[in-house]
Amino acid sequence: MLQDCSVDGRAWTLIDLLIGCRLPGSLKEIEPFEFINLRLNDSQKEAVTFALQSKNLCIIHGPPGTGKTTTIVEVILQLVKKGRKVLVCAPSNIAIDNLVGRLASFDARNMIRLGDPARASSEMQWFTLDAVIDRSYEMTFVNKIRNEIVKLRNSRGRSKQDLIDNLLVNLKTQERKILKQALSNCDIVLSTLLSSSSDGPLQYLEDHENHFDVLIIHECSQATEVACWIPLTFVDKCILSGDHYQLPPTVISQTAAKEGLEVTLMERLLSRFDHENVVRMLTVQYRMHQKIMEWSSKSFYSNKLTAHHSVKNQSMSKISNLTDCPPLLLIDTAGCDMPELDHTSKESKGNEYEASIAALYVNYLIIRGVEPESIGIITPYNLQIELIKLRLNRKHPGVEVGLVDGFQGREKEVIILSLVRSNRNKSTGFLCEYRWINVAVTRAKKHLVVICDSDTVSAETHISSLIDHLKANGKVKSGSEYSKYMRPRNYQNPIRKRSRFN
């Protein structure tokens, strides 16, 4: 049972709900409305409607490629159409810029992007607070005051200091007035979570704790709960979007992680409430070939995902000369005597053989017309990144090689996974993080290649099911087919980077 710990106040209804002192209320009735984006699918429309009907809390669960941002943009536009003031937050500047760009494409102009203008992309500069203020009519008076101060400072005479001081006071007053007016008249304020604090620009609102009607936290599953609480006290309704089966925020401190900081707000709420009362999941994905999608859908999303007809059977022939290239390929090194390096440190691992196979396969694809920029190689270890880059960079610098962190939220026509681990003990290390493999697999649009020792990596449950899926639905090659093309290398000095997976 929930404790009787509710308190009074506008925001406390939501706070009580989030900390577990209250259950979600029933849906409110809303007037019929027309969707602004006519291309929304049924699950997106249902999520938008549910978000508008929810009294205090709504969670939009968006698996990879299902259009979380598209759905959230529609929610924002509908709220503004109803006269609501909306505060939109996300954990990163990239996520905020993406939202601003999507809103702008629907002619949403009355919005402000908070934060350092230098951190906003060049296309988003127009919507920054500084740019909005500079365009205001009142800035002509501020500029006159500034010019007058400069003239007085350049002239001689101490008697003018009092006049300068008075002008400076007037200048600050006018600037605050313009800030207040710009923010007050704005329908949509967008900010990173850290920039939404009450000691930032929002302090210039008449009453920032009661100004906004709705808070939206986009990509909530990538933010720590502590960061989410910064703007949560401003509203009595919030809409969260994200996918808790993708990578959570990085928590450097192991002590903090063990104390619960690595559990996100979205994840905690999903474990507490009946999903029917607070959650709507998007079920149509627009990224992956159906065969690539199926494993993720079965493993994480209750087999509810369907591939849109535009991507369901997409072929590599559209981007290359390949006419018989399957969406799934397993290059299995089991039994091929291709072990991981045994002299590396405990912090990072490498596999020379897998690195060579990855490079050989990349060369095969590029010779057959695939653009290097369309290929991504993901591996869980920094050492393996260096091993692969040694073989690729001179010849194919456009191929992106990296940890999964850098690929989250993105996609490539071709994704090659090098799982590295190959040992007698069947030790899998970082591969036990199930969200790692989910994100890695779902970056691929048309072609997924997994290079691994199936005997070793199948010790991890999710990877074992992936191997089974690849064998049942794709093409399987032995690593021995590439042996004659390999040139052994010695590598002893890995470049180390801080990451969730090292």
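The values are calculated or read from the model by the stated rules, or taken from the named source; none is laboratory data. For clarity, every value in this text was computed on a predicted model and none was experimentally measured. As a convention, Cβ positions derive from the backbone with ideal geometry for all residues, glycine included, and neighbour counts pool all protein chains shown. Please note that ligands, DNA and RNA were not included when accessible areas were found on the heavy atoms of the full protein model with its side chains. Shrake-Rupley method; radii C 1.70, N 1.55, O 1.52, S 1.80 Å.
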_Would you confirm whether or not segment 167-188 contains a residue that is among the small types (Gly, Ala, Ser), assigned to a helix (DSSP H, G or I) and touching a Leu at 6+ places or on another chain (Cβ under 9 Å)?_
yes
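Determine whether segment 373-382 contains at least one residue that is part of a helix (DSSP H, G or I), out of contact with any helix residue (DSSP H, G or I) (no Cβ under 9 Å at 6 or more places or on another chain) and within 29 Å of Tyr286 (Cα to Cα).
Taking segment 373-382 as the starting set, the residues that turn out to be part of a helix (DSSP H, G or I) are 373-374, 382.
Imposing the further condition that a residue be out of contact with any helix residue (DSSP H, G or I) (no Cβ under 9 Å at 6 or more places or on another chain) reduces the set to 373, 382.
Remaining after also requiring within 29 Å of Tyr286 (Cα to Cα): 373.
Within segment 373-382 (the criterion being part of a helix (DSSP H, G or I), out of contact with any helix residue (DSSP H, G or I) (no Cβ under 9 Å at 6 or more places or on another chain) and within 29 Å of Tyr286 (Cα to Cα)), the answer is yes, since at least one residue qualifies.
Sort out which residues of segment 227-259 are under 16 Å from Leu17 (Cα atoms) and open to solvent by 30 Å² or more (accessible area, probe 1.4 Å), and write them in order of number.
Here is the first cut: in segment 227-259, the residues under 16 Å from Leu17 (Cα atoms) are 228-229, 231-240.
Of everything in segment 227-259, those that are under 16 Å from Leu17 (Cα atoms) and open to solvent by 30 Å² or more (accessible area, probe 1.4 Å) turn out to be Trp229, Thr233, Asp236.
So is Ala355 part of a helix (DSSP H, G or I), in contact (Cβ under 8 Å) with a residue 24 or more places away in the chain and open to solvent by less than 10 Å² (accessible area, probe 1.4 Å) or not? Walk me through how you get there before you give the answer.
Working: part of a helix (DSSP H, G or I): yes; in contact (Cβ under 8 Å) with a residue 24 or more places away in the chain: yes; open to solvent by less than 10 Å² (accessible area, probe 1.4 Å): yes.
So Ala355 passes the test.
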*asked:* Given the criteria under 30 Å from Pro117 (Cα atoms) and surrounded by 12 or more Cβ atoms within 10 Å (Cβ to Cβ), does Val142 qualify?
replied: yes
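Picking from Ile377, Ile367, which residue would you name as being open to solvent by 10 Å² or more (accessible area, probe 1.4 Å) and not hydroxyl-bearing (Ser, Thr, Tyr)?
Values: Ile377 fails: open to solvent by 10 Å² or more (accessible area, probe 1.4 Å).
Matching residue, one of Ile377, Ile367: Ile367.
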*asked:* Anything in segment 380-417 that is closer than 21 Å to Tyr482 by Cβ and open to solvent by 60 Å² or more (accessible area, probe 1.4 Å)? List them, or say none.
replied: Leu390, Asn393, Arg394, Lys395
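Within segment 388-403, how many residues turn out to be out of contact with any strand residue (DSSP E or B) (no Cβ under 9 Å at 6 or more places or on another chain), assigned to a loop (DSSP other than H, G, I, E, B) and not charged (D, E, K, R)?
Qualifying residue count for the region: 1.
Being closer than 30 Å to Leu215 by Cβ and of a type in the set (Val, Ile, Thr) is the requirement here; does Ile149 meet it?
Numbers: closer than 30 Å to Leu215 by Cβ: no; of a type in the set (Val, Ile, Thr): yes.
So Ile149 fails the test.
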*What are the residue pairs meeting all of these: first residue in segment 305-333, first residue among the hydroxyl-bearing types (Ser, Thr, Tyr), second residue part of a loop (DSSP other than H, G, I, E, B), Cβ atoms under 7 Å, and 6 or more apart or on different chains?*
Thr306/Thr283; Ser310/Tyr286; Ser317/Thr323; Ser320/Arg368; Ser320/Gly369; Ser320/Val370; Thr333/Ser422; Thr333/Asp453
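Can you name the helices (runs of 4 or more DSSP H) wholly within segment 41-128 that have at least 1 residues being in contact with a helix residue (DSSP H, G or I) (Cβ under 6 Å, 6 or more places away or on another chain), farther than 26 Å from Leu269 by Cβ and not β-branched (Val, Ile, Thr)?
It comes to 93-105.
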*Of all residues in segment 320-340 being in contact with a Lys or Arg (Cβ under 7 Å, 6 or more places away or on another chain) and either open to solvent by 30 Å² or more (accessible area, probe 1.4 Å) or in a loop (DSSP other than H, G, I, E, B) (or both), the one that is nearest to Lys445 (Cα to Cα)*: Pro327
*Kindly indicate whether Glu46 is of a type in the set (Asp, Glu), farther than 16 Å from Lys237 by Cα and over 24 Å from the mean Cα position of the chain (by Cα).*
no
